[in-house]
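See below for the structure under consideration.
The values are calculated or read from the model by the stated rules, or taken from the named source; none is laboratory data. It should be emphasised that the depicted structure is a prediction, and the values quoted were computed from it without experimental measurement. All Cβ positions, even for glycine, are placed from backbone atoms using ideal geometry, and neighbour counts span all protein chains on display.
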Amino acid sequence: MIALVTGGNRGIGREVCAQLVAQGHTVLLAARSAAAAGKAAADVGAHPLQLDVTSPADVARVAAEIAERFGRLDVLVNNAAITYDTWQRASSADLDVVREAAETNLYGPWRLIQTLLPLLRASDHPRIVNVSSEAASLTNMGGGTPAYTATKVALNALTRMFAAELRNDGVLVNAICPGWVATDMGGPGGRPVADGAAGIVWAATLPDNGPTGGFFRDSRPLPW
């Protein structure tokens, strides 16, 4: 299996890479910094890729590299995300901050899926995993973190749309909440990173009769 993980140089992304490598998969660890990607990939046994998901040129280059090296992509894990804006409220949010967050959290995954679709369709078992958050659940939503929350809600919507459009192609598309995990973004006090990553790996390695268009944490459905 050939898997691409964005934001793979630290936190949950790095652990997802490590767990997939441990299962015997070929993992392409992508990060904005080539140096960061190289170090993390060496640590976990993955292949480094320099990729800024907000850069159309980067995305096109990575697609060409994967096509040349492997001819297909089996799994895309859209993990890269920014701006957990605990200091903001929707009533007073800086919309420039929201727009910047959307470039990475929404348009980045959207662009990657569009560009990599031919390679995913070349796979016998294609999977797309969008790393989301329970903060994006409309059912339980409160206030706060407006840039992060709104962009993750939009990512959930994108998950539903692509799942419906790609169902007949056999591409399983799901959104995964890793839970509150002790990372640079999540802060101290969360659960172990390995536990949060496990649900993402579950979605990346689903059988062909697995779910699509779902929102899960620890392989159990979450309310939209």
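Could you identify the single residue in A175, A157, A198 that is part of a helix (DSSP H, G or I) and within 26 Å of H25 (Cα to Cα)? Reasoning before the result, please.
On the way: A175 fails: part of a helix (DSSP H, G or I); A157 fails: within 26 Å of H25 (Cα to Cα).
Every option except A198 fails the conditions.
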Would you point out the residue of segment 120-145, among those that are of a type in the set (S, T, N, Q) and either part of a loop (DSSP other than H, G, I, E, B) or at pLDDT below 95 (or both), that is nearest to R61 (Cα to Cα)? S123
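Quick one: which helices (runs of 4 or more DSSP H) sit completely within segment 1-119 and have at least 1 residues that are under 14 Å from the mean Cα position of the chain (by Cα) and free of Cβ contacts under 8 Å to residues at least 40 places away in the same chain?
Ranges flagged: 11-22.
Would you be able to tell me the number of residues in segment 146-168 that are among the polar types (S, T, N, Q), surrounded by 17 or more Cβ atoms within 10 Å (Cβ to Cβ) and either farther than 16 Å from L95 by Cα or at pLDDT below 95 (or both)? It would help to see each step written out before you state the result.
First, pick out the residues of segment 146-168 that are among the polar types (S, T, N, Q): 149, 151, 156, 159, 168.
Subsequent filtering for residues that are surrounded by 17 or more Cβ atoms within 10 Å (Cβ to Cβ) retains 149, 151, 156, 159.
Then keep just the ones that are either farther than 16 Å from L95 by Cα or at pLDDT below 95 (or both); that gives 156, 159.
Number satisfying all stated conditions: 2.
Taking L138 as the residue in question, decide whether it is farther than 22 Å from R217 by Cα and more than 14 Å from the chain's Cα centre (by Cα).
It is false that L138 is farther than 22 Å from R217 by Cα and more than 14 Å from the chain's Cα centre (by Cα).
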